[in-house]
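*Asks:* Below is the structure I would like to discuss, written out as structure tokens.
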Amino acid sequence: MTVGGASTTADLGPPDPFDEPTQDGTPATLAALERDLPTAVTADLADYLADRRHACAEIAEEYAGAVDDLTRFVLAGGKRLRPTFAWWGWRAAGGVDAPAAVLRAVSALELIQACALVHDDLIDDSATRRSEPTVHARWAARHADAAWAGDPTRFGAAVAILLGDVALAWADDMLHESGLDLAALARVRPPWRAMRTEVLGGQFLDVQGHASSDSSPETALRISRYKTAAYTVERPLHLGAALAGADDRTVSALRRYGTDLGVAFQLRDDLLGVFGDPAVTGKPAGDDLREGKLTLLVALSRAHPDRRTAAVVERAVGDPDLDVAGVDAAREALVALGVVDDVERRITELTASAVDAVRGADAPTLTAPAPERLADLAIAATRRAR
């Protein structure tokens, strides 16, 4: 079938009334899709991006080549968490109709993510992402290898800015050309608009926190809320629920789940940024320390009364030449200060609160199997991987 002007990778039209449901009442067509939702999202993104490449080639083959780089970045990795949460927000609110349009709409969230990652890597001057050179680093190297005029670093930055902007613009296009009816598009507009403003606001707070002397735990948590939690879990769930026309109680429960889980997810990411295995994280060990990120770990260390041990961490934060010995020393200090245990405790409490929002005694009645899937996602998103 055709959705939003581009052919989808599978016929996921409205459920057939003769489609035999599964034991929990899910139409078999949806159950099949949900067995591997990340793969379905990736296929839909590939379909959409291939279609958009044609327009770029009409402008210039060089432009199409740059877009190919963006496409590889989008398709190469990631857990597709944002579309997955949006999908289950839709299903939790009783969504079953027009799954092809919904799949395309929620897949657009991956282009928001691509924009955020490409720009974030540039802001942090990160050399690698998913064990590969970052976009700005790769294009700077191409400039240098070709001996083009000008400064390779500035060229790489310019290309990264432009490709991130392309991803952001196409996210909007992909949503609005998804095949959703006008009523659904109207319902989804408020969470979509809020999400884009929040993620950019969170990025601004992160940049400002890096430059200013405001390094309180409250500031670190506010950055986590808006830079990651809101657009990773909370707003995708809100968006999915809005697609299904959810009532206020359902939206409130899903947003509570999303806020708590989103912060827990970021706190886990912060721990991985210091203690994670590069083979798992795709980034050099201790990179968050070198970049001087204001994480809750750093904020709690700075507020700790044991200034001698905290000074070991402080010397590591923002040191671009931090070696393995320096990373190990900072790790030992963070453990000795007890801030690692503090962050782990917060992750556990926030995850439990998130699950309670969708499965607890006061949770609204959500459509099966969404509550169980959301509980499973909460555990998976905050699991220790170090």
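The values are calculated or read from the model by the stated rules, or taken from the named source; none is laboratory data. Quick caveat, the model's predicted, so the values are computed rather than measured. Glycine gets a Cβ as well: all are built from the backbone with ideal geometry, and neighbour counts include every protein chain shown.
*Asks:* Which one of A354, A311 is surrounded by 14 or more Cβ atoms within 10 Å (Cβ to Cβ) and either among the small types (G, A, S) or in contact with a Pro (Cβ under 6 Å, 6 or more places away or on another chain) (or both)?
*Replies:* Checking each option against the conditions leaves just A354.
*Asks:* Say we look at segment 48-76 and pick out the residues that are farther than 18 Å from A160 by Cα and in contact (Cβ under 8 Å) with a residue 24 or more places away in the chain; which of these is surrounded by the most Cβ atoms within 10 Å (Cβ to Cβ)?
*Replies:* Checking each candidate, the answer is Y48.
*Asks:* Mind telling me which of the residues L243, L261 ends up being assigned by TED's automatic domain parsing to the domain that holds L297, buried (at least 23 other Cβ atoms within 10 Å of the Cβ) and under 13 Å from the mean Cα position of the chain (by Cα)?
*Replies:* Checking each option against the conditions leaves just L261.
*Asks:* Now for a different question. Give the residues of segment 144-165 that are surrounded by fewer than 20 Cβ atoms within 10 Å (Cβ to Cβ) and touching a residue at least 40 places away in the same chain (Cβ under 8 Å), sorted by residue number.
*Replies:* I161, L162, D165 - these are the residues of segment 144-165 that are surrounded by fewer than 20 Cβ atoms within 10 Å (Cβ to Cβ) and touching a residue at least 40 places away in the same chain (Cβ under 8 Å).
*Asks:* Just checking, does segment 205-218 include any residue being in a helix (DSSP H, G or I), charged (D, E, K, R), within 20 Å of S126 (Cβ to Cβ) and touching a helix residue (DSSP H, G or I) at 6+ places or on another chain (Cβ under 6 Å)?
*Replies:* Checked against the condition, which is being in a helix (DSSP H, G or I), charged (D, E, K, R), within 20 Å of S126 (Cβ to Cβ) and touching a helix residue (DSSP H, G or I) at 6+ places or on another chain (Cβ under 6 Å), segment 205-218 yields at least one hit.
*Asks:* Right, another one. Quick check: is even one residue across segment 315-327 buried (at least 19 other Cβ atoms within 10 Å of the Cβ), farther than 19 Å from R302 by Cβ and within 25 Å of the chain's Cα centre (by Cα)?
*Replies:* Checked against the condition, which is being buried (at least 19 other Cβ atoms within 10 Å of the Cβ), farther than 19 Å from R302 by Cβ and within 25 Å of the chain's Cα centre (by Cα), segment 315-327 yields no hits at all.
*Asks:* Right, something else. Quick one: which helices (runs of 4 or more DSSP H) lie wholly within segment 297-386 and hold at least 1 residues that are at pLDDT 95 or above and under 26 Å from A230 (Cα atoms)? Walk me through it before giving the result.
*Replies:* On the way: elements: 307-316, 324-337, 339-359, 370-381.
Filter on segment 297-386 gives 339-359, 370-381.
*Asks:* On the basis of being closer than 29 Å to T29 by Cβ and assigned to a helix (DSSP H, G or I), does A144 make the cut? Step through it out loud before you land on a result.
*Replies:* Numbers: closer than 29 Å to T29 by Cβ: no; assigned to a helix (DSSP H, G or I): yes.
Taking the combined requirement at face value, the residue does not satisfy it.
*Asks:* Only one of (1) more than 25 Å from the chain's Cα centre (by Cα); (2) buried (at least 16 other Cβ atoms within 10 Å of the Cβ) fails for A370. Which number is that?
*Replies:* (1)
*Asks:* Of all residues in segment 121-140, count the ones that are under 19 Å from T71 (Cβ atoms) and either assigned to a helix (DSSP H, G or I) or free of Cβ contacts under 8 Å to residues at least 12 places away in the same chain (or both).
*Replies:* Looking only at that region, the number is 8.
*Asks:* If I go through segment 36-82 residue by residue, how many of them are touching a Gly at 6+ places or on another chain (Cβ under 9 Å) and on the phi > 0 side of the Ramachandran plot?
*Replies:* Total satisfying the criteria: 0.
*Asks:* Regarding segment 124-133, can at least one residue be identified that is closer than 30 Å to S178 by Cα and either modelled with pLDDT of 95 or more or surrounded by fewer than 17 Cβ atoms within 10 Å (Cβ to Cβ) (or both)?
*Replies:* Step one: filter segment 124-133 for residues closer than 30 Å to S178 by Cα, giving 129-130.
Checking which are either modelled with pLDDT of 95 or more or surrounded by fewer than 17 Cβ atoms within 10 Å (Cβ to Cβ) (or both) leaves us with 130.
Scanning segment 124-133, I find at least one residue that is closer than 30 Å to S178 by Cα and either modelled with pLDDT of 95 or more or surrounded by fewer than 17 Cβ atoms within 10 Å (Cβ to Cβ) (or both), so the answer is yes.
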